[in-house]
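The values are calculated or read from the model by the stated rules, or taken from the named source; none is laboratory data. Treat the numbers as computed from the prediction; the structure is a model and nothing was measured. Every residue, glycine among them, receives a Cβ derived from its backbone with ideal geometry; neighbour counts consider all protein chains shown. Keep in mind that these areas ignore ligands, DNA and RNA; they rest on the heavy atoms of the full protein, side chains included. Shrake-Rupley method; radii C 1.70, N 1.55, O 1.52, S 1.80 Å.
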Amino acid sequence: ALNGLADIFQIDTLWPLIQKIEEISGQEYVGNKETTRSTRIVADHLRTATMIMGDDKNIAPSNVDQGYVVRRLIRRAVRHGRLLGIKENFCSRVAEEVIKIFTEIYPEVKRNQEFILNEIAKEESKFRNTIEQGIKHFNNVTMEQCSNKTISGKEAFDLYQSYGFPIEMT
């Protein structure tokens, strides 16, 4: 409000991320509600994941504790990147922008840049593989049950537990 902006995502620590996502996706931030929402989620989640990983504790994506939170943030950003039509790995490119923005205030983020970019890239690649395997399994399940276009709760849970396929995508 003090900056005369109607949108919190136009502030100086978020707008460069929005612009980078627009550049990567080819989608305009104000294109439609879904595009705006997905762009905001990607920017916010990757900024948060980058800052957590930028701490000198070197928290990497994992299945436990803070690492689990980082993993969920990155994976949700990847999912929304897909909704924006981004087919290639992109999270590291957005993380680089986060690092540029916060380097002066948080020098540890710059110090840990290599760790951040490597871990984000590994997690994104791993999740993209998970999504592809899950989609294949999902298509097999829906083909078997295509008469009513629904899958059972058991199949949805199996997709999540066995393949890491997000319930939201199911």
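Overview of results
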{"read-out": "Qualifying GluC sites (Glu not before Pro) in segment 49-117, DSSP loop, other Cβ atoms within 10 Å at most 15", "value": "GLU88, GLU104"}
{"read-out": "Shape call, segment 22-104: gyration tensor on alpha carbons, a/c limit 1.5", "value": "prolate"}
{"read-out": "Reach of LYS110 by Cα under 18 Å, taken over aspartates and glutamates that are not fewer than 8 positions away in the same chain", "value": "ASP55, ASP56, GLU96, GLU97, GLU119"}
{"read-out": "Amide hydrogen neighbours beyond the local backbone of ASN89, cut-off 5 Å, H modeled", "value": "none"}
{"read-out": "Residue with peak Gaussian network fluctuation, the chain [Cα springs, cutoff 10 Å], from VAL30, VAL94, VAL78", "value": "VAL30"}
{"read-out": "Rounded to 10°, Cα long-axis angle of helix 65-83 versus longest principal axis of the chain", "value": "80"}
{"read-out": "Added length on full extension, which subtracts the Cα-Cα distance from 0.36 nm per residue, GLN161 to LEU2", "value": "52.6 nm"}
{"read-out": "Chain lengthening between GLN66 and THR150 when straightened (0.36 nm per residue, less Cα-Cα)", "value": "26.8 nm"}
{"read-out": "Cα-centred dipole magnitude for the chain, charges only on beta-carbon of K, R (+1) and D, E (-1), debye, nearest 20", "value": "400"}
{"read-out": "Helix axis angle, 153-163 relative to the chain longest principal axis, alpha carbon, degrees", "value": "50"}
{"read-out": "Computed accessible area, SER125, all protein chains, 1.4 angstrom probe, square angstrom", "value": "50"}
{"read-out": "GNM result for the chain, Cα springs below 10 Å: residue of GLY67, GLY31, GLY81 fluctuating most strongly", "value": "GLY31"}
{"read-out": "Rounded tilt (10° steps) of 91-102 against the dominant C-alpha axis of the chain", "value": "20"}
{"read-out": "The chain: relative contact order as a whole-number percent, Cα under 8 Å and 6+ apart", "value": "20"}
{"read-out": "Karplus-derived HN-Hα couplings along segment 119-129 (A = 6.51, B = -1.76, C = 1.60, θ = phi - 60°), whole Hz, x at Gly and Pro", "value": "5, 5, 4, 4, 5, 5, 4, 4, 5, 4, 5"}
{"read-out": "Longest site-free stretch - the chain; sites: trypsin sites (Lys or Arg not before Pro), DSSP loop, at most 14 other Cβ within 10 Å", "value": "88-148"}
{"read-out": "Ranking by accessible area, most exposed first, for HIS80, HIS137 with a 1.4 Å probe", "value": "HIS137, HIS80"}
{"read-out": "FRET E, pair HIS137, GLU28, Förster distance 30 Å, beta-carbon r, rounded to 0.05", "value": "0.30"}
{"read-out": "Helix-only [θ]222 nm of the chain, DSSP H runs n ≥ 4, -39500 (n - 2.57) each, per residue, nearest 500", "value": "-22000 deg cm²/dmol"}
{"read-out": "For segment 31-82, with +1 on Lys and Arg beta carbons and -1 on Asp and Glu, the positive-most of ILE59, THR35, VAL70 along the dipole", "value": "THR35"}
